[in-house]
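The values are calculated or read from the model by the stated rules, or taken from the named source; none is laboratory data. These figures come from a predicted structure and were not determined experimentally. Cβ atoms come from the backbone with ideal geometry, glycine included; neighbour counts cover every protein chain shown.
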Amino acid sequence: MAQVSKYRYLLNQYPETVQKEQFRIICHISKRTARYLLQSGLVPCVQSGKKTRNYTIKMKDIVRYLERREIHPEKYKLPPGSYSGTYAPKPLLPESVTTEELRKYYIESFRDIPDIVSTREAAELTGATASTVAKWVRTKKLKALSNGPAFIIPKVNLIDFMASDAYLNKRLKSQKFHENIGGFLSWKAGK
């Protein structure tokens with residue numbers, strides 16, 4: 001029980017949620033370690049999909065992480081080779097994950113995104129190129145509306161596509177794809 005009270009003061013010292021930079025300062029860890037812990041789901045967080053201030057972490061999860069790190073420090077160490085190059089662990093979806101769970105995650109994550117997105121915006125959200133998104137539309141994997149020479153995509157159709165096997169089983173997976181999967185795993189762990 002002494003370990004539980006050791007970090008409780010942090011709950012009063014910081015706001016209810018913090019960003020990645022505050023998280024790493026509180027825990028005295030490097031930026032790379034913080035990113036690894038958040039992307040792998042070892043510390044639950046919510047990813048906004050923005051380029052900056054992407055991660056929101058609850059203070060209670062940080063306190064839980066600090067308590068558990070003292071008991072099992074090996075569990076929270078980066079894999080060998082992490083600092084010698086650009087190695088980043090790739091989060092994997094468990095086979096038990098349902099399409100409906102993924103849809104709920106994307107609906108919550110994309111709540112600030114407009115109801116209609118352009119091909120370029122869809123590309124940023126999926127981690128693909130605009131030409132790949134256009135190819136998905138032409139092959140009818142992604143439902144969209146024609147807007148002259150370009151396409152506009154209803155957000156609900158994009159969410160359905162991102163929760164489908166066509167997106168999840170694509171051969172080339174981008175960094176954004178892995179961030180989306182890591183965000184889902186963190187979201188699910190935080191529920």
Residue selected from the stretch 54-94 under the condition modelled with pLDDT under 80 and out of contact with any helix residue (DSSP H, G or I) (no Cβ under 8 Å at 6 or more places or on another chain), by the criterion surrounded by the most Cβ atoms within 10 Å (Cβ to Cβ): 87
Pairs where the first residue, in the stretch 142-155, is over 15 Å from residue 113 (Cβ atoms) and the second is outside any loop (DSSP other than H, G, I, E, B) and acidic (Asp, Glu), C-beta under 8 Å, 6+ apart: 143/160
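Residue under question is residue 155, and the condition is that it be out of contact with any Ser or Thr (no Cβ under 7 Å at 6 or more places or on another chain), within 19 Å of residue 188 (Cβ to Cβ) and surrounded by 13 or more Cβ atoms within 10 Å (Cβ to Cβ); does it hold?
Working: out of contact with any Ser or Thr (no Cβ under 7 Å at 6 or more places or on another chain): yes; within 19 Å of residue 188 (Cβ to Cβ): no; surrounded by 13 or more Cβ atoms within 10 Å (Cβ to Cβ): yes.
Answer is no for this residue.
Give me a count of the residues in the stretch 126-141 that are over 13 Å from residue 173 (Cα atoms) and crowded, with 18+ Cβ neighbours inside 10 Å. Steps first, answer last, please.
Initially, the stretch 126-141 is screened for residues over 13 Å from residue 173 (Cα atoms), giving 130-131, 133-141.
Filter again for crowded, with 18+ Cβ neighbours inside 10 Å, leaving 133-134, 136-137.
Selection size over the stretch 126-141: 4.
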Helices (runs of 4 or more DSSP H) contained entirely in the stretch 11-80, each with at least 3 residues that are under 12 Å from residue 186 (Cβ atoms): 31-39
